[in-house]
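Structure first, commentary second.
Values in this text are rule-based calculations from the coordinates and carry no lab data. From a predicted model like this one, the values you see are computed outputs, not experimental measurements. Note: ideal-geometry Cβ built from the backbone for every residue, glycine included; neighbour counts use all protein chains shown.
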Amino acid sequence: MVTPYGYSSIMKVFLLCFLLDATALLMPGQLTTAVVLASSCFLLFTFYFFRDPKREIPDDERIIIAPADGKIILVREHHNSFTGGSSTLISIFMSPLNVHVNRIPVDGKVTLLRYRPGRFHMAFDHRSMEENEKMEIGIDTGSVRVLFAQVSGFLARRIVCKLQEGDAVMSGTRFGMIKFGSRVDVILPSSATVLVRPGFKTRAGETVLARY
């Protein structure tokens, strides 16, 4: 299954590969084969990158699930005006090989949606949390507030977020993606019990980050 968020990118890559292959027909035989092979691999990787597998969403109202596939690279105390003091920051690094479709981490209402332009540090560089381009999303469950941010990386310079303030959202629902490698930061309130640590691998919509 390919995500609709990637249709435009796939079409652009397909047209580029078609032009390369057409040009390659005018080249010597061995060079033609090399160009066609390279463009085919590029097109196949593009389909692979925009894959969107089904996920089994946990049936539990008191959990916060991972909004992204990847590896947890940071868990630390963090103060945030939306979630309050003694909150916990969890950072998930997404490599180009991970599924990049993002999912809602908790049932509730979108009460904050804020785009911040910025730089493009490598996603595993912790400066990216404060300095990189990002889309911040805050959800109020009625019991707790959860904030998470789609953060651009060195390669990822296209954030897709289909949410609007006031939207009622359900845990595990797809809402966007970050194209070509990045990170997602999740900030949990002090009332949440964190269940993960650095080094854990996450699957969007399935991995439980915390309970509240």
Rg/Rg_ref, the range 4-49, where Rg_ref = 2.2 N^0.38 Å and atoms are Cα: 1.22
Could you check the simple spin-label distance between GLU130 and THR111, using points 7 Å along Cα→Cβ, in nm with one decimal? 2.7
Extent of the range 126-212 along each principal axis, from alpha carbon coordinates, in Å, largest to smallest? 35, 33, 23
Output needed for the range 63-211: three equivalent-ellipsoid semi-axes, defined as square roots of 5 times the C-alpha gyration tensor eigenvalues, in descending order, whole Å. 20, 17, 15
Using 1/(1 + (r/R0)^6) with R0 = 30 angstrom and r between the beta carbons of ASP60 and ARG119, what's the FRET efficiency to the nearest 0.05? 0.20
